[in-house]
Each structure stands twice: as C-alpha cells, then as structure tokens.
Amino acid sequence: MTNPPPLMTLKNHLFCGYDRTVRPVLSHKEVNNVTIKLIPKILEFDEMNSKMVLHSWMTLLWTDSLLTWKPGDYDGISYIHVKSDLIWMPDFSVYNSGDMAADQNSIPLTTCLVFSSGSVSCVPSLKHVAKCATDFSKWPYDTHVCRINFGSWAHSGEEVDFHLDQKGFQMSGYTNNSVWDFKVINAYKVLKKYKCCPNDNYPMIVYEFSITRHHGILQTTYVTPAIAMMLLTLTVLWLDSRSAERMAVGSVNLVCHMLCIFDLHWQLPHNGLNTPNIILYYRDSLALAVFALILTAVLRKIQSMNIEAPYWISSTTSFILNNRAGRFLILTGEDSKRILNNEQDDNGDPPKTEDATKNSSWRHFAAISEWLSFFVVVFIYAIILISLVPSA
C-alpha cells in the first residue's frame with residue numbers, strides 16, 4: 001500500500017482528537033486574541049424602517065495553539081485550507097441586530113488559512129442588519145448615523161479578546177450606492193462590565209457609519225419648486241389687487257402648494273421624531289399663499305365700496321401721500337391725472353364728484369395694504385429660510 005499524501009497525513013495529525021467546541025489554548029487562563037478588519041462591499045438602507053443592511057467581508061486573525069506543525073515533517077507544507085466548520089471559531093456576534101429573526105451570532109461557513117505557526121486567517125462574507133438613529137429634519141439633505149456593535153456572545157475578555165487591525169476597516173472594495181453615500185466614520189473598542197460578572201471585562205468593537213442621501217434629483221423636484229412658489233406668492237402681492245390676473249395667479253399658487261404637500265406626504269418617511277424642515281416650509285408657505293388670496297378678495301371688495309372711509313383711514317392715507325416715497329409707491333397713473341384735475345378745480349374748473357373722492361380714499365388704503373403686506377411677507381419668508389434651511 002502506498003503512503004498517503006503529506007497533506008492527508010498532516011490533516012489526520014492535526015484533527016485527530018481535535019474538538020472545535022473547545023477554546024484552542026494550552027492553558028485555561030490563556031486569552032484568544034482575535035484581530036478584525038471590516039471590508040464593506042454593498043449597502044442597503046431602508047429609510048422607512050430605519051434599518052441598514054451591510055454586506056461586507058471581515059478578516060479574522062487569531063492563533064490556534066492546537067494547530068501547529070513543522071513544515072519539514074510534511075514535505076514543506078507551511079499552510080493548509082480548512083473549512084471553518086472543522087476548527088474553533090470565535091463567536092463573533094452583532095449586539096444591536098436589526099433583524100432578531102436572523103442568526104447574527106455566528107460566522108457563516110467559509111474557508112480559512114491555517115499556517116504552521118498556528119495562525120488562522122478567515123475572511124467570511126457577512127450580512128449585518130442594524131437599526132439606525134434616523135433624522136429626516138434636513139430632508140433631502142439628511143445624514144443618518146448607524147452603529148454595529150460586535151462582541152463575543154459567550155466569552156469574557158479574559159477568554160476571547162477582540163482588537164482592531166490598524167484603523168479597523170478598508171473601503172477600497174466598496175461599491176457605491178446610487179441613493180446613499182456611505183462612509184465609516186469611526187471604529188473603536190469598548191470595555192463593558194455587567195453586574196452579573198463584576199470581575200470580568202466584555203470587549204465590544206463599535207463601528208460608526210455615516211449615510212448621506214444623494215439629493216440631486218430631490219433638490220430639483222422639491223426644493224426648486226419651493227423657491228418658485230415663494231416667488232409666485234410675492235408676485236401675487238406685487239400685482240394690483242383690482243386685476244383679474246392677481247386672483248388667477250393666487251389661485252394657481254394655492255393649488256400648487258396643496259399638490260406639493262400631498263406629494264411630500266407620500267415621499268417622506270413617517271418614522272422620524274422631527275418633522276422635516278421642507279414640510280414645515282411648505283406648510284408656512286401655504287399659509288402665506290392663503291393669506292395672499294384672501295387679502296386679494298378683501299381688497300377688491302374694499303375698493304368697490306361707495307361709503308365714506310373712516311377718519312383714521314383718510315388721515316393715514318393723507319399722511320402717507322404727503323411723503324414723496326409714499327406717493328411714488330401708492331399713486332398710479334390714474335391718480336396722477338386725478339391730481340392734475342384737482343389742480344384744475346382750484347383754477348375754477350368743476351370739482352370732482354363725491355363718489356370719486358370716496359373711491360380714491362379706499363383705493364389708496366388698499367394700495368397701502370398691498371405694499372405693507374408685501375414687505376411683511378418678504379420678512380416672514382426671510383425668517384422661514386433662515387430658520388429652516390440647513391447649514392453646510
């Protein structure tokens with residue numbers, strides 16, 4: 001009978017009597033030090049459920065004191081490939097799993113390299129699900145922070161200790177997401193103690209991720225119309241309240257606001273604690289659009305009144321008309337002609353009628369109201385933009 005190949009002889013030597021459920025140390029007090037590095041590959045982010053799914057590779061390095069040999073005794077073999085279900089593996093678990101139904105307390109089957117020195121290197125492909133602290137207040141410029149906490153499920157730090165390989169992650173193989181910009185912002189180790197075991201340390205490796213939305217399309221779809229409707233509301237207040245165009249533009253402006261709010265209702269996630277600023281903007285802008293439309297209707301009604309204006313209205317309009325700036329803003333071409341007619345009346349021509357005088361007072365009051373409301377709305381929009389537009 002021929003001799004078995006050196007590799008078969010080596011594996012029979014290593015795994016004869018080997019128990020993968022026992023920590024591979026020569027002394028019970030010896031610690032298994034495991035070095036890890038996360039290599040993200042693909043991101044899936046469910047914003048409606050505040051859940052991140054990260055597909056990645058993870059390098060795991062440790063020393064198995066029971067898997068050592070002299071290469072010279074086995075035809076110079078210095079390493080072998082071994083399935084992970086044949087050797088001891090650290091119970092590397094996700095503490096803050098976002099999918100309790102999935103098994104994230106074990107490392108999936110993979111092929112590991114075992115070197116003659118006992119060093120073991122495994123690079124399993126992992127799928128991690130984690131809940132995220134989402135904040136949509138700056139939508140569509142929102143950024144969310146997610147964390148994945150790794151650690152041993154059964155062993156304390158005195159038995160299995162985890163360490164980061166340099167910075168602990170590598171982004172060179174990541175495939176960019178078309179909706180989200182993904183970054184690893186931090187990786188660090190935390191030592192925790194629990195009341196049950198005050199003398200033991202439980203190490204935990206924490207990865208922090210930043211997930212930022214690519215806002216280009218949403219900015220064009222929702223932010224640009226918001227600016228356009230702000231200008232449309234100001235245009236309504238700029239136009240003469242007596243014109244039919246003002247009522248038409250004001251009505252269209254109101255309908256556009258309502259349609260955008262209904263669309264945002266279906267577009268925005270409903271799981272955040274803070275209301276998105278853009279919906280607050282549309283709400284406030286809608287209120288101003290309603291104000292502009294109601295003001296137009298009221299001013300049109302006022303200017304058609306034939307009763308004499310109260311003293312406080314006539315005195316106020318007279319005071320403003322005595323000012324050059326007031327005359328420039330309020331007097332129209334018709335008013336200028338009327339002033340010339342008044343001057344002719346002073347030279348002996350027939351005076352203007354009483355109804356014309358009454359209408360003139362109401363018209364001047366309406367013009368003052370138009371300009372005052374215009375500047376007030378401009379000021380309100382400025383406050384809204386300052387308070388709601390996200391800073392860089």
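No value in this document is a laboratory result; all are computed from the given coordinates. Nothing here was measured: the structure is a model prediction, and the numbers come from that model. We place every Cβ from the backbone using ideal geometry, glycine too, and count neighbours over all the protein chains shown.
Pick out, from C146, W57, S116, the residue whose Cα sits farthest towards the positive end of the charge dipole of the stretch 3-158, with +1 on the Cβ of Lys and Arg and -1 on the Cβ of Asp and Glu.
Ranked along the dipole, the leading option is S116.
Dipole of the stretch 1-143, Cα-centred, from +1 at each Lys and Arg C-beta and -1 at each Asp and Glu C-beta, to the nearest 20 debye?
Charge dipole of the stretch 1-143: 240 debye, to the nearest 20.
Counting Lys +1, Arg +1, Asp -1, Glu -1, what net charge surrounds L14 among other residues with beta carbon under 14 Å of its beta carbon?
Residues close to L14 contribute a combined charge of +1.
Under unit Cβ charges (Lys, Arg +1; Asp, Glu -1), what dipole magnitude, rounded to 20 debye, does the stretch 103-229 have relative to its Cα centre?
Result for the stretch 103-229 is approximately 280 debye, rounded to the nearest 20.
So which of K131/K167; K37/K83; K29/K192; K83/K195 end up more than 30 Å apart, counting from Cα to Cα?
Pairs exceeding 30 Å: K83/K195.
In the neighborhood of W88, defined by Cβ-to-Cβ distances under 11 Å, what is the net charge if each Lys or Arg adds +1 and each Asp or Glu adds -1?
-2
What is the Cα centroid distance between the stretch 44-60 and the stretch 198-220, reported in whole angstrom?
Taking the Cα centre of the stretch 198-220 as reference, the centre of the stretch 44-60 is 10 Å away.
What relative contact order, as a whole-number percentage, does the stretch 186-233 give when Cα pairs under 8 Å and 6 or more residues apart are counted?
Relative CO of the stretch 186-233 lands at 30 percent.
Nothing charged except the Cβ atoms of Lys and Arg (+1) and of Asp and Glu (-1): what's the magnitude of the dipole of the stretch 39-95 about its Cα centre? Round to the nearest 20 debye.
That gives the stretch 39-95 a dipole magnitude of about 80 debye.
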